[in-house]
Structures are given as C-alpha cells and as structure tokens.
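Q: Submitted below is the structure of interest, expressed as structure tokens.
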Amino acid sequence: MDVVLLAGRILFSALFLFSAIGHLTQADAMAGYARSKGVPFAKPATIASGIVLVVGGLSVLLGVYGEIGAALLFLFLVPTAIIMHNFWAETDPAAKMNTQISFNKDIALAGAALVLIWVFAQDPGLTITSSLL
C-alpha cells in the first residue's frame, strides 16, 4: 500500500506544483484575475500563493513534514474556493457552471489534504521527517 500512497502523493502534488509555475511565471495575468475578484495586493498575493503551492506540494511529495505541507495546501484551497470560485455571484449560466466546477474541485482537494494530514500523522514511516502533530 505504500506504493499506492506514493503514487497518490505524486499525482496530488503535481497539480499544485504545476499551478505554482503559473502563479510565479504568469504573475501579472493571474494577479489581474485575482484583482477582478477583489483580492487586495493581487500581485504579491499571487506570488505568495505560488510559494505556498511550491512549499506545500514539495512537502507532500517528498515527505518532509508532509502534514504541514498538506495543511498549507488546505489553508490555500478553502479561501481560494470561496474567494476565487464564488459561483453564487455569477449571473451567466455557463460562467456559473464553470466556476462551480472549480469551487467543487478545490473543496474536494481540501478534503484530500485533510486526509493526508491524518495519514502523515498516523504513520511517521511514510515521511522523511517525523510528524509534528
């Protein structure tokens, strides 16, 4: 089962690491979108979120304080879902549907991050470092 968990960690982390690349290399464009959603200090927030995605993604992937990395990703995902994917504020049906899909994805990934926090805390042998929990 360790191989299954490792494969899951790789797939889970890949999403965040690829997303981090966009946050850091296309910060101006992503900040524009964040600004349109009312995010204050949109460019610094975009860069900071990119750093959180890198740190959290690598932590989960490599098993270096994996529960902390998963917690960082959880703390990124929930506010992102609420602020950036507020489908309830959309009036266009197509935009509402697309935004709700993104909201649901972020909430589901937040749930997976919570599961990873528990998994890492239960079995310290799954990580390079011991659990801090």
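The values are calculated or read from the model by the stated rules, or taken from the named source; none is laboratory data. Only a predicted model underlies this, so the values are computations on that prediction, with no experimental measurement involved. Calculation scope for accessible area: heavy atoms of the full protein, side chains included, ligands and nucleic acids excluded. Shrake-Rupley method; radii C 1.70, N 1.55, O 1.52, S 1.80 Å.
Q: Rounded to the nearest 10 Å², what accessible area does W88 show when all protein chains are kept and the probe is 1.4 Å?
A: W88 exposes around 130 Å² with every protein chain in place.
Q: To make sure I understand the rule: partners must be aspartates and glutamates, Cα under 19 Å from the Cα of K96, and not fewer than 8 residues away in the same chain. Which ones qualify?
A: D106
Q: For the chain, what is Rg from Cα atoms divided by 2.2 N^0.38 Å, rounded to two decimals?
A: Taking the Cα Rg and dividing by 2.2 N^0.38 Å, one obtains 1.11.
Q: Probe radius 1.4 Å, ligands and nucleic acids ignored: give me the carbon and sulfur share of the accessible area of the range 9-121 as a rounded percent. Present the calculation step by step, with values, prior to reporting the outcome.
A: Values: 4430 of 5880 Å².
About 75 percent, which is the carbon plus sulfur part of the accessible surface.
Q: Rank D123, D106 by accessible area, highest first, at a 1.4 Å probe radius?
A: D123, D106
Q: Report the accessible area of E90, computed with a 1.4 Å probe over the heavy atoms of all protein chains in place, in Å² rounded to the nearest 10.
A: 50
Q: Please arrange R9, R35 by accessible surface area, largest first, computed with a 1.4 Å probe and ligands excluded.
A: I get R35, R9, largest accessible area first.
Q: Relative contact order of the chain: what whole-number percent is it, with Cα pairs under 8 angstrom and at least 6 residues apart?
A: 23
Q: Then there's this: Tell me, what is the per residue accessible area of the range 1-68 in Å², probe radius 1.4 Å?
A: Using a 1.4 Å probe on heavy atoms only, each residue of the range 1-68 averages 56 Å².
Q: Per DSSP H run of at least 4 residues, take -39500 (n - 2.57); add these up for the chain, divide by its residues and hand me the 222 nm value, nearest 500 deg cm²/dmol. Could you put the intermediate results ahead of the total?
A: Values: 5 runs with 104 residues, N = 133.
It lands at -27000 deg cm²/dmol.
Q: How much of L58 can a 1.4 Å solvent probe reach, expressed as accessible area in Å² and rounded to 10?
A: 70
Q: Where does helix 66-84 land angle-wise versus the long Cα axis of the chain, in degrees 0 to 90, nearest 10?
A: 10
Q: Below 16 Å, Cα to Cα, which aspartates and glutamates can K43 reach? Residues fewer than 8 away in the same chain don't count.
A: Reachable aspartates and glutamates: D28.
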